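The values are calculated or read from the model by the stated rules, or taken from the named source; none is laboratory data. Bear in mind that the values here come from a model prediction, so they are computed numbers and not experimental data. FYI the Cβ positions are ideal-geometry reconstructions off the backbone, even for glycines, and counts take in every protein chain you see.
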Amino acid sequence: MSHDRVLGNAERKRRGLTADGSCLICSGHEETTDHIFRSCIKAKRVWNDIGVNMNTNSDGEVKNWIYKNVSQKIHSNIDSDWGITFATACWWIWRWRNARTFSGEELEDKRKISWIKEAVREINTAFRRQRMVGNIPNSADCSLRWKMSQDCEWTLNVDGSCKTFIDKAGIGGVLWNSRGEWKGGFTAKAREKSATSVEVMVISAGIQWAWEQGVRELEIQTDAGEAVKWIADNNSLRGPTHHIIDNIKKWQTKYRRIKIKSIFREQNFAADHMASIGAFQHADWIEHEVPPPGMEDIITRDKIGIIRIHRVTSPEETS
């Protein structure tokens, strides 16, 4: 980005990949790196909603502009380190541009600020956890990757997402075949705002949806370990979502082979992203024949087995 080599239409034209280097939104303007992130109408709306006046914050070359924003604290409507907010906003401006350009899809302008706020909050939370874990003795890094089912023909990753900061919740799922290929997915809004309820709800929704797709052998993977324990429990006491769990158990009897497996969050990125999409969508339920914008990298990484790091803490030894 700072080297002015972001692959917008101007750069694509320079490389001979297109004959038209103009912005699809701003008629008569070349889609340079500077234009994508600063002067495009779409970018300006994002910055103005964040609380940065681009008329006073857009002087100089793009490299200097990036350095100024990453290294200085500037007032905005988001209570966070400005460098994190700035980098997050740039990332999503680029992702939204790509979704608009290549698939004709884009989050509504009025919803983008909420999306960025939530992303910044999650980043800050991750940084705080990392600092806390770094100070814990007997902790170690564990290498994890997503793995398809070894026992069932189909794998369904599911997740729920509660955006408490903006009072939204969603669920999502991704169905994979035995070769680890995307075969469909779903996203939905969740009326429940309790994390546990949402995690159980998505398992219930997923097991029914997969059956409707013709699946008869299924491994459901979720990072909601507590929900998996409740479903496996034969007792009647299964927490506040017992009626949903009873429904799940009824659906389990329909399948030729069914397994519900607890995995780590680092192995569930695809479903996690789908759940975030569900939290922000207008429709109650959407089925996806093809991956929605922003999913391509995650799917590729999962399929080829990219390792993600999870830090675990072992109990202290006692003599």
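Kindly provide the set of residues from the stretch 79-91 that are modelled with pLDDT of 85 or more and surrounded by fewer than 18 Cβ atoms within 10 Å (Cβ to Cβ), ordered by number.
GLY83, ILE84, ALA87, TRP91
Report, by residue number, each residue of the stretch 17-31 that is assigned to a loop (DSSP other than H, G, I, E, B) and either charged (D, E, K, R) or farther than 19 Å from PHE102 by Cβ (or both).
ASP20, SER27, GLY28, HIS29, GLU31
Six or more apart or on different chains, Cβ atoms under 9 Å: show the pairs whose first residue is in the stretch 11-39 and under 15 Å from VAL62 (Cα atoms) and among the small types (Gly, Ala, Ser) and whose second is modelled with pLDDT under 90 and not in a helix (DSSP H, G or I).
Pairs found: SER39/MET54; SER39/SER58.
Which of the strands (runs of 3 or more DSSP E) contained wholly in the stretch 152-203 include at least 2 residues that are of a type outside the set (Ser, Thr, Tyr) and surrounded by fewer than 20 Cβ atoms within 10 Å (Cβ to Cβ)?
Strands (runs of 3 or more DSSP E) meeting the threshold: 182-189.
Condition (residue is within 24 Å of GLY305 (Cα to Cα) and not acidic (Asp, Glu)) applied to the stretch 228-251: is it met by at least one residue?
The answer is no; no qualifying residue exists.
Starting from the stretch 292-311, take each residue that is more than 15 Å from MET148 (Cβ to Cβ) and list its partners that are modelled with pLDDT under 85 and of a type in the set (Asp, Glu), counting only C-beta distances under 9 angstrom and pairs at least six apart or across chains.
Pairs found: PRO292/GLU105; PRO293/GLU105; PRO293/GLU106; ILE309/ASP141; HIS310/ASP141; ARG311/ASP141.
Checking SER204 against (1) over 16 Å from the mean Cα position of the chain (by Cα); (2) closer than 21 Å to LYS303 by Cα: exactly one of these is not met. Which one?
Failed condition: (2).
Which numbered condition trips up ASP233, out of (1) more than 29 Å from LYS117 (Cβ to Cβ); (2) surrounded by 21 or more Cβ atoms within 10 Å (Cβ to Cβ)?
(2)
So, in the stretch 166-184, of the ones that are among the small types (Gly, Ala, Ser) and more than 16 Å from ILE203 (Cβ to Cβ), which residue ends up farthest from the chain's Cα centre (by Cα)?
It comes out as SER178.
Table: residues versus (1) of a type in the set (S, T, N, Q); (2) touching a residue at least 60 places away in the same chain (Cβ under 8 Å); (3) assigned by the TED database to the domain that holds SER114.
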site: HIS243; (1), (2), (3): no, no, no
site: TRP251; (1), (2), (3): no, no, no
site: TYR255; (1), (2), (3): no, no, no
site: LYS259; (1), (2), (3): no, yes, no
site: ASN268; (1), (2), (3): yes, yes, no
site: MET274; (1), (2), (3): no, yes, no
